[in-house]
Every structure is written in C-alpha cells, then in structure tokens.
Amino acid sequence: MDHADAVPIAELLDERRYLLDVAYWMLGSPGDAERVVDEAYRRWYGLSDAARRQITAPRSWLAKTAGGICLGRLSLPGRGTAGQRDGHRTQAAEAEEAQEKLEEEAGQVLLQALDLLSPAERAAFVLNDVFGMPPDAVADIVGRSAPECAELADRARHSLRLRRSRPTTPAEQDALAHAVRQACVSEDADALASLLCPDATAFFDGGGKVRALARPVHGNRPVAHSLLTLLAHRRHTTLTTHDVNGTTGLVARYHHQVAAVISLDIADHHVAQVWVVLNPDKLRSWNQPPTPA
C-alpha cells in the first residue's frame, strides 16, 4: 500500500463497524459476525495489488463478500437459533459491547423472528430494509434479480407482520391510527409512546434514495422520538389517516406530494410494528394524478 491508498482511521473503523452490523443482522451472533468480517478482509488482502486497485468501491466489495459468506453460513444444515449458534463466540469486550448495543437496537424478538425466514428472505430483508442498500446491490449479494429480491423482502415483511401482529377489528385499528396521528400532530412524545408496545419496532424504507434511518428503531420511546422527528410539524407538511394495505394507516404529505406512507401493526391493543415507506419509487403510485371517471 502506498500513500495514495491511505484511508483515514475514522473511515476504517466506520467501515468495519458497518460490516459487523451487516453480518450480525444476517446471522444474529456477534461471534459469527466477527469471524465473517475477518474472512472478508482476508479475501480482500488475498487479492493482488492490481486487482484491489481495480475495485473502485472497497466498502461495497467487502459488504458483498461478507454478505455472500453470511448466506453460505445461513444455508448450512442444522443451523440452530441465534443463542445456540454462538457456542464458540469470542469473549472479547468489543464483541460483548457490540452484542449489548445491537440487542438494545433490534431486540431479541425481531432477531428470533428473522431466524424463521429462509436465508434468501432474511438477506433480502436485512440488506433492503435494515441497511437501505439499492436494489442492484442487494441483487448482487443475494444472487437473484432485483425483482426477485423485492419479492423475497416482501415475503419476509409479511412473515414478520404475521408473527408480531394480532387480529384486530377495523374499529380498533382505525381508533389507534387516529390516536397515533393526533399524538404526532400535537408532538406529544408521552402520548405517542403510550400507544406503542414497550418493545415496538419501527422500520424506515428509504431504498437508498433518501436519508432515512439506516436501521430499525426498537423500544416505544425511541420509536416515538424517531416518528416525531420525521413528522415534525413544518409549513406545508400534513399528516392524515388513510387506508394503507387494507387497514388504517398514516400518510404524510409535503406540498400535496405524498412523502411517507406508514403502516401500523397492532398487538395487545398497542402498535407493535411501524413500517415507514419513504422510498420515492414505492410512493410513485401514491403521487399519480387520479384517473378521470
């Protein structure tokens, strides 16, 4: 490596942390994540100097490599649950701290639900919804076409919703959605948090097209804070209840343009999961002019 290849230390650490996050979300084990990232870097340095110089986006190359290694591990027969898989986890303080941080962020409820997805579904969901990678990057890692990956991610979302949500009446869904809207409009964090399950999770799908939150938010107060920050009252911004996928959800508009569509999944009379679509491509149908009768 010559001086032209030098990388700032902050960028190096951020890159490794990012790769560890990707591997952890895909495998659910900090020890496995460490080993995957180490192997990805071994493969990087196994390339010739000329081959490395031809890679214009090293971080993307490393993410693709780590994702491929994770997919290989997910496909191994006899793969157990997150806790069982990590029988050989390292005792390093960094791994323990990473586990505590990410468990707070994601919650074991979500990680256990991810364990029940197929390897391809889990990879497509994690890379698309958790890390907001563009469709072509997800397809490159998963080894499927972009439309196939989109279908896999949709199946994963459906499976997660079925596991977390409970049957509820249209009247209860409507009342809770209106209460969430009122709490957001009045910017009442306590009221909004009280409407959410203690272990509620919010997903923000920006599709790599807007600066949405890169990872899910876990916990009723963090979710409430993230929603209030996103939907903070500004001039020309409105929030209304609307039919979303057959149930009452929320639609945020800016200058009459739909900027976010929010689905609410209910369990035990509280919102268990919040799905915020911010990806302009997915909102295109919402912003088409109505067809004349």
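The rows are residues; the columns are (1) assigned by TED's automatic domain parsing to the domain that holds V130; (2) in contact with an Asp or Glu (Cβ under 9 Å, 6 or more places away or on another chain); (3) modelled with pLDDT under 85.
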{"site": "P170", "(1), (2), (3)": "no, no, no"}
{"site": "H178", "(1), (2), (3)": "no, no, no"}
{"site": "C184", "(1), (2), (3)": "no, no, no"}
{"site": "A191", "(1), (2), (3)": "no, no, no"}
{"site": "G208", "(1), (2), (3)": "no, no, yes"}
{"site": "L213", "(1), (2), (3)": "no, no, yes"}
{"site": "P216", "(1), (2), (3)": "no, yes, yes"}
{"site": "G219", "(1), (2), (3)": "no, yes, no"}
{"site": "R235", "(1), (2), (3)": "no, no, yes"}
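You will find that of R211, R122, R161, the residue that is closer than 26 Å to D243 by Cβ and basic (K, R) is R161 and no other.
Which of the residues that make up the stretch 49-72 are in a helix (DSSP H, G or I) and hydroxyl-bearing (S, T, Y)? First the steps, then the outcome.
The first filter runs over the stretch 49-72 and keeps only residues in a helix (DSSP H, G or I), leaving 49-53, 58-72.
Within the stretch 49-72, S60, T65 qualify.
Within the stretch 237-258, is even one residue within 20 Å of the chain's Cα centre (by Cα) and of a type in the set (D, E)? No, the conditions are met nowhere in the stretch 237-258.
Residues of the stretch 129-149 being part of a helix (DSSP H, G or I) and touching a residue at least 24 places away in the same chain (Cβ under 8 Å), which ones? Please lay out each step first, then the result.
So in the stretch 129-149, the residues part of a helix (DSSP H, G or I) come out as 129-130, 135-142, 146-149.
Scanning the stretch 129-149 gives D129, V130, P135, A137, D140, I141, V142, C149.
Of the numbered criteria (1) modelled with pLDDT under 85; (2) assigned to a helix (DSSP H, G or I), the one R89 fails is (2).
The values are calculated or read from the model by the stated rules, or taken from the named source; none is laboratory data. Keep in mind that what you see is a predicted model, and the values were worked out from it rather than measured. Please note: Cβ atoms are built from the backbone with ideal geometry, for glycine as well, and neighbour counts cover all protein chains shown.
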